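Note sheet for the following structure.
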Amino acid sequence: MARLFPNTGTTPATPGYYEDTNSNSVYDAGVDYLVNDAGNRLSLTDGTTNLYIKATGTVRAQATNPVNFAAPFDYGTEAAFQTSVDLSVAGMMRDCAECHVGGGALEYLPKPGSTDLSAGTCETAEVIYGGVTYTSNGGDPCSTTTGAFTEAEQYDPAFSQCGMYNSSRGMRNFICVPNPANQRTELRSAALSGYNAWNAFIDQYDEDNDGETGEVLMQDYSQTGVLEMDCLMCHMEGFSWEARTESLRKGEFDASRVTGASLGTAINGTNVAYDPTVVGISTSSTSMNALKLGAAGFNVHPTVSENCATCHADMHQVDWKKRGDFWGVPYEADVHGSLGCMGCHDRKDETYYTGAWRTYNDLTKMTGIGSSNLLGHDPAKGLAPYSSLWNNTDNTMKNCGDCHKANATVENYGAVDPTAKHEALGLTSLILQDGVDGVKDKSHLDILECSTCHVRKLGHGPTAAEGGETHGSLYEWGTGGAMVDATGADEAGRLTDHENLYVERTMENNMALAWQGGKLIRTNALNTMFWRDKNDTTLDINADGQTGGMDAVNPSHLRDANKAAGLHALTADGVVDTTEIAAQRAAIMAYLPNVGIDPTGAALKLNFMGVMFKVNHNVNPASVAWGKGGCTDCHGADKGFYNGTYAINPRDLNFTYAATDVVPLTMVNGNQPSDFHPTLYAKASQGDNRSIPLVIRGADRLRDIDLSEALWESTLRVPIQTTQAGVVATRADYVDYLNTRVDSVHNRHVAAGHGKCTNCHDNGSGVIDFNSVSDVGQPLDKNGVVATFTYTPDPLGNPGSCSANSCHASWGFSEENPWVRPSFTPYLSALSSMDTNLEVELNAGNTNCPNGCDFTFDSGDAGAAMSVNGAVATVTYSAAGTYNASVIACDQVTDECRQAEATATAQIVEPEVLAVNFTTAIEGKTATLNGLNFDPSIVRAYIYWGDRKTTTVSDMASLATGIAHTYLYGGRTYDIIVKVYDASYNQTVYTQAEDGDLRVVLP
């Protein structure tokens, strides 16, 4: 990053990067220990022994002198700037601003946080209306300190700071004129000198077109304009993120607001050529030369969810990377998709300013007050760990409980109240504990956040061969980030790479859990791989002026070191090994002297910083939630809920290293090495802010973990008195205890919706009494006698039978035990292969089997060969013909079975000869696709150009001369997919796998 302002005042420094061992309130070299941001000591020996670092030189503390906002920090020389900076503010405008909407420090020089930007003086004015004279409170001070107003107060002169006057539009307020001394200076008029974060930047995207990156370029806001808040980025339907980003990369800041809205093209940073079909120049005498909308116009909405997704929930965007979030997926993958983002992120009445825009200071309030919990114009927030964005407004959005309850006080769109369902499943029964004393004082709903059970990220979109727009990924959706590779730039030039195929994971049932206070939350583990200098006690490898913290190598220097050596980010080719690691280390050492850093003595090591990012989005239907099939959905060995293997490595990455190539991220709890952020906390009852030391470095590769490793230390800091089985002191023993809490009888009741504990364990007053069952776990009949009954199931799912002394019979329930009848109906389809192999696929996958089913197939042909994979059987019949096939599906919990049949036809189908022969012609960024001579039965074609753009053609004759498409970026490869349909909706798909001319390589 870059230093923004000097902080060379006179206030004594406060200790921050060292532990004041001798309590003398000053840092003593050779005495006091160095610590990291979390206060944990740094070790010289990777945590194998307690040899802690004591620096020999001065250490600059975390909290130092107050910042001087009078002028930006001046690096003094171009060389000093290049040595220390990767992204200045001017650089961020070209990079991070692709998603940040502008305003703030991208438009103005900041003021101290204590500055009241709305402070001013009431105007001196007089209005005569209806024969009445209204006079302002001229000269009176005015500011935001009056707070919010109710609907009635906003029209009451008693609550007006500057006075009110009547008008044809009703009562209005006189204006509060802002104090110029309190206003920020816009960058285009700021006096910027030297080399600072606003007037200089490291050339990241070769803006000067000299073929080089990494040099220092100067920023002239009179030529580029500034990044004002771009309202249309959120509010315009069809806003072009790509066009705006292209303008930003070139430093065309003012023009980016026009190009993003597709209102025209950029001439330079401050001048544009408007599209006359969208924008015109007024010739009206009352608005001469003003802009006006043309015939085409554009659509502005309160908030466009697709625009939110562009930065948050599209593939490779921020919440895809952190949490695997996607927008626009089927209902089964996100039941809330129809609500739109603001359906939940709308603000609750009590959390935002409700008054009218009464004066200038009211407008300021609507942008938010930093010290307040009142929201301004921002969408409301949830509560995610590792977030530090205006935390006063945490939990201001609608949560699950706000909508899913009776008598909801917010707009809940008719959401169902699941209380009865949860009670029936035993989830509200107080059978768990908040602490470690064995006292049952919490329910499952008290311990589990809703997303923990209801977010499974089920399903994924089609592959490219199936017609998906995969953007270089495996699927169109259903993936997420496993790693951020900070060892080199991505293909677009960003300093780190989280977009290549080899750093992603498939999300379906592939998430972890973590504690947030006393609750379990659903998470995705994202690891960042980067280079650090182990010898940072004496060598400042990134020239930030501080030692003692294992500094990371400046990513800008790393990019240029790779370029000089002909290297790339380590994961870019899908293989990382000791040879590649050694080559990149050598390239860094060779390059650093070019930017004024002597790396002699550096010990460059790879580091991994893991973060458990909270997952809330893509809620699946309740029918597939964890626990729908009973307690054993979660409780049991390797169930994949709180235990079982969790893949840390990206799905397709082949990654090995030498033990000497890597070091731990930090030390937690005093002396325990960890590769995860120190705020991966244990449950609150294990100690406030106690970190879980989670090591993912194996001997020669990253290791997959057991899910329980992110929840409990291997040896519990505080042994747990369980509610049922004594004291446990280790993670292994506690997991074993959780695995054995459920027997088949309990699970059958829960799976049938009779899991509320008081159904059987009631003291007569609606309170759980576990003494209402015998020590051997059998329920009592109504006479208090242990019900030693037998139950005989029917093998194909007919009601079973119980002995006459059963609990059900004694209490007057049907002896047929309807509660164990399977709640599923099997379904079998038979799909014939369109080939000469006599194959038929028998598929029972559409069977709705909440408890899980085992399938047994019968092909109807004793001579057939069969292979079975779960709910699918592939049968090769002995001869062509028609066969009666069947499947028996058996519930894995109740052992009840059902049968379904289907007719299978084994046939020989000669392959169809591909009649279409595509050709492509390239001219600049334009590709023309020819050879679209489809069969006359084809009535519609969809052409997917490989850049998120699609052309739909229903006039098939128009394709005779070919069809052209102009791409936004050259120098890239695009794979075209063509789908065609006949009048019966039969589909044919053509890809580059069948015809190589569908791959376009632009110069």
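The values are calculated or read from the model by the stated rules, or taken from the named source; none is laboratory data. Note that the coordinates shown come from a computational prediction; the quantities given were computed from them, not determined experimentally. For neighbour counting, all protein chains shown are included, and Cβ atoms are generated from backbone atoms with ideal geometry for every residue, glycine included. Surface areas here come from the heavy atoms of the whole protein model, side chains and all, with no ligands, DNA or RNA. Shrake-Rupley method; radii C 1.70, N 1.55, O 1.52, S 1.80 Å.
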Past the 24 Å Cα-Cα mark, which pairs from K614/K683; K250/K925; K322/K348; K614/K756; K405/K442?
K322/K348; K614/K756
If you put +1 on each Lys and Arg Cβ and -1 on each Asp and Glu Cβ, how big is the dipole of the range 917-1002 around its Cα centre, in Debye rounded to 20?
340 debye
If R0 is 25 Å, what FRET efficiency do you get for H100 and A71 from their C-beta distance, rounded to 0.05?
0.55
Hey, for a label at D704 modelled as a point 7 Å past Cα toward Cβ, could you say which residues of the range 484-517 have their backbone N under 15 Å away?
505-512
1/(1 + (r/R0)^6) with r = Cβ-Cβ of A273 and A191, R0 = 35 Å, i.e. FRET efficiency to nearest 0.05, evaluates to 0.65
Residue farthest toward the positive end of the dipole of the range 187-258, with Cβ of Lys/Arg at +1 and Asp/Glu at -1: which of F253, H235, Q219?
H235
Magnitude of the charge dipole, the range 829-906, Cβ model with Lys/Arg +1 and Asp/Glu -1, debye to 20:
100 debye
With a sphere of radius 9 Å drawn around the Cβ of G103, what net charge do the other residues whose Cβ falls strictly inside it have (Lys, Arg +1; Asp, Glu -1)?
-3
Quick calc, the range 402-552, dipole around Cα centre from Cβ unit charges on Lys, Arg (+) and Asp, Glu (-), nearest 20 debye, gives 660 debye
Excluding ligands, DNA and RNA, the carbon-plus-sulfur percentage of the accessible area of the range 917-1002 with a 1.4 Å probe reads 46 percent
Ranked packing of 945-952, 701-708, most packed first, by mean Cβ within 10 Å
701-708, 945-952
Highest to lowest packing among 497-507, 982-992, scored as the average C-beta count within 10 Å:
497-507, 982-992
Suppose R0 equals 51 Å; then what is the FRET efficiency for N846 and L432 from their Cβ-Cβ distance, rounded to the nearest 0.05?
0.90
Label-point gap, in nm, between L968 and E923 - each point 7 angstrom along Cα→Cβ
2.4 nm
Would you list, by chain and number, the aspartates and glutamates whose Cα falls below 13 Å from the Cα of K381, excluding same-chain residues fewer than 8 positions away?
D346, D394
The pairs in K321/K949; K321/K440; K398/K628; K321/K421; K457/K979 lying past 30 Å Cα-Cα in this model are K321/K440; K321/K421
Find how much the distance from A729 to S714 grows on full extension, using 0.36 nm per residue of separation minus their present alpha carbon separation; answer in nm with one decimal.
4.5 nm
Please name whichever of C849, N869, T836 sits farthest to the positive end of the charge dipole of the range 829-906, dipole taken about the Cα centre and charges placed at Cβ: Lys and Arg +1, Asp and Glu -1.
T836
Would you work out which of L432, N527, V410 lies farthest towards the positive end of the dipole of the range 407-547, given +1 charges on the beta-carbon of Lys and Arg and -1 on that of Asp and Glu, about the Cα centre?
L432
